[in-house]
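Accompanying notes for the structure given below.
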Amino acid sequence: MKRHESIAPISRQHHEGLLAARLLQHGAPPYKGMPTTAAAKRDYILDLLQRHLRLHFTLEEATVFALAAAFSEDLRRQTEELQAEHRQLEALILALPQITEDLLPDKLHEVGKLLERHIRKEERVFFEQVQGDMTEQELQQLQEMVARHMH
């Protein structure tokens with residue numbers, strides 16, 4: 001389904017997260033210009049957390065999650081689950097420097113699977129429901145919130 005323009009900027013940010021999620025998983029093909037060793041992938045995801053993921057999580061939580069949580073009980077439950085996954089992803093990524101080299105590929109795989117599952121849930125379930133349930137006026141309000149947070 002096409003993304004409503006209120007959610008589109010957030011949705012577009014998911015591309016980088018999905019690429020990282022795939023990169024971290026076992027059997028990932030080499031991507032041009034992307035790290036190939038477990039240690040380099042660890043450093044990459046730590047950098048991505050600082051450079052992109054934290055800002056993205058904050059944007060989602062301050063805009064679409066806040067509005068959706070106030071909209072319905074079902075969406076509120078979903079936002080709580082998605083926010084818990086944000087905290088879990090952040091904690092798993094921040095713990096990576098303490099993981100021994102022999103266990104690092106499996107831990108990276110775990111982070112990659114969770115990140116991919118999380119993004120797919122937001123895209124295929126949560127955003128779909130937000131677009132389907134909210135009125136055009138509420139989606140317009142969301143669009144204004146997103147625009148304020150991105151500038």
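The values are calculated or read from the model by the stated rules, or taken from the named source; none is laboratory data. Treat the numbers as computed from the prediction; the structure is a model and nothing was measured. As a convention, Cβ positions derive from the backbone with ideal geometry for all residues, glycine included, and neighbour counts pool all protein chains shown.
Cβ-Cβ under 6 Å, sequence separation 6+ or interchain: first residue in the range 130-151 and over 20 Å from residue 72 (Cβ atoms), partner exposed (fewer than 12 other Cβ atoms within 10 Å of the Cβ) and at pLDDT 95 or above. Which pairs?
none
Answer yes or no as to whether residue 84 is small (Gly, Ala, Ser), surrounded by 14 or more Cβ atoms within 10 Å (Cβ to Cβ) and closer than 26 Å to residue 105 by Cα.
So residue 84 does not fit the description; no.
List the pairs whose first member sits in the range 40-53 and is closer than 14 Å to residue 90 by Cβ and charged (D, E, K, R), whose second member is assigned to a helix (DSSP H, G or I) and at pLDDT below 95, and whose Cβ atoms are under 9 Å apart, counting only residues at least 6 apart or on separate chains?
Taking only residues 6 or more apart or on different chains, not a single pair turns up.
Tell me, which residue of the range 1-22 that is within 10 Å of residue 131 (Cβ to Cβ) and basic (Lys, Arg) is modelled with the lowest pLDDT?
Of everything passing the filter in the range 1-22, 2 is modelled with the lowest pLDDT.
Taking interchain pairs and intrachain pairs at least six residues apart, which have beta carbon atoms under 6 angstrom, with the first residue in the range 9-24 and buried (at least 20 other Cβ atoms within 10 Å of the Cβ) and the second among the small types (Gly, Ala, Ser)?
Note: pairs meeting the criteria are 21/112; 24/112.
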